[in-house]
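Okay, structure first, notes after.
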Amino acid sequence: MEMPSAGPLPDDWCVRHFDHLSPDLAATMPETMARMRELCPVARSEEHGGFWVVSRYEDVVSAAQNWEVFSSAHGLGIAGAPSVVRNLPVQADPPEQRVFKRLINPFFTPAAVAPWEAPTRALVTRLIDGFIEDGECEFMDAFARPLPSLAFFTLAINAPSEDLDKVSHLASRSSVPDDPQARECWLGLYAWIQGFVADRREGPPRGDVVDAVLNAEIDGRPITEEEIIGTVQLLILGGLETTAGALGLILRRFCAEPEIPEALRAEPALIPGAVQELLRLEPSFVSVGRTAVRDGELGGHPIKKGDKVLLHWASANRDGAEFADPDTFKLDRARNPHVGFGVGPHRCAGSNLARLNLRVALEELLRRLDGIALRDGAAIQYHRGLTRSPLSLPITFRPGPRLAR
């Protein structure tokens, strides 16, 4: 059984009026991006003042690695409320970018996140206990959003869990550029981080990434307040939004293709590999913006200095030139160089933590929830923009017992 298809958006929309903020694109992304790759792998959209859309794997990877031409420091630069401070290290290019990346990387290596497996599993168990007896839940609210948020707040940055709902709301709304509350949410997120940083300075050291950022030196000088806030801001945006989206997209696929959870229940050892394949098919981090800082070329098209470029990770992940049978979930896929975490200098620093959260979540969900299905009549709508996730995902399953009383 394959995921239900709504068909691609019209050809003229694909070639001339592509808009990454469109809810219609979020609803038809696999089909529409397949049509983009077929019609014009490097297309010029007239929306938002004009920008290029890059959809083939080869071109996406080439541009992402060529930071000297396609700058991350300037982003996409289309309509929308900008953040109060730069998101670091994403909104910087090497060599500056490398300084901030080296600052946070040691706290998210496989060895660094491995001790978080047991507390993450305990958190997963507690969340499942909250709804398993009911035989139904709104999965995004009951599990997908709370899990990575609570894990990140309590394990990675040692932030007060009582602030989580507020921060999650601010992060989610600020990340939709044309949301009328985006600017207000950016300001609210800035203010919360400012207060959080002040509290951490007054408290005892925790030996975490926040301590490292607070005490950092950048090219021989103390890190500035704006750089501190920008780095913590990026950690929050990456830690809260993307893993929640991936969980929602994965469960949506489980509902449509029940043979996948059945196979994984039969052989749980296959779950780590399945996570990689599911991230290829269902990345929540779908695209990223760049600005050409000098003349260049992509897919035979001349790119001029100042041109805006959208690199579409989700499209690259389904390019048949790179992945055989690209729209099919294949547990035995021997080679899987997906770009669900990006590629090049700005590849996601938190990928190991995300994979840990996803693996532990799937192990426990599949062990305890059977007969997972989309609630009858449910119509799924998606968060739109540079990330994609179900806004809600009402599911049903066979009720089971709580593990903790």
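A few points about this structure:
- Alpha-carbon centroids, segment 171-199 and segment 262-313: separation in whole Å: 26
- Proximal aspartates and glutamates relative to LYS166, as straight alpha-carbon distance under 19 Å, when same-chain residues fewer than 8 apart are discounted: ASP141, ASP179, GLU184, ASP199, GLU241
- Across all Cα atoms of the chain, the radius of gyration (one decimal) and Dmax (whole number) stand at 20.7, 64 Å.
- Rounded to the nearest 20, the Cβ-based charge dipole of the chain about its Cα centre (Lys and Arg +1, Asp and Glu -1) stands at 600 debye.
- Rg over Rh [alpha-carbon atoms, Kirkwood Rh] for segment 143-232: 0.99
- Distance distribution P(r), segment 258-340, all Cα-Cα pairs, bin width 10 angstrom from 0: 16, 36, 26, 13, 7, 1 percent.
- Contact order normalised by residue count of the chain, Cα under 8 Å, 6+ apart, percent: 28
- Taking every DSSP helix (H) stretch of at least 4 residues in the chain, weighting each as -39,500 (n - 2.57) and dividing the sum by the residue count yields a mean residue ellipticity at 222 nm of -13000 deg cm²/dmol.
- When the chain is treated as a GNM with alpha-carbon contacts under 10 Å, the residue of ALA314, ALA263, ALA244 showing the greatest mean-square fluctuation is ALA263.
- Rounded Å value of the spacing that divides the Cα centres of segment 17-48 and segment 212-254: 28
- Taking the empirical scaling 2.2 N^0.38 Å for compact globular proteins as reference, segment 195-298 has a Cα radius of gyration ratio of 1.59.
All of the numbers you see were taken from the coordinates with simple rules; none came from a lab. Note that the coordinates shown come from a computational prediction; the quantities given were computed from them, not determined experimentally. Cβ: placed from backbone, ideal geometry, glycine included. Neighbour counts: every protein chain shown.
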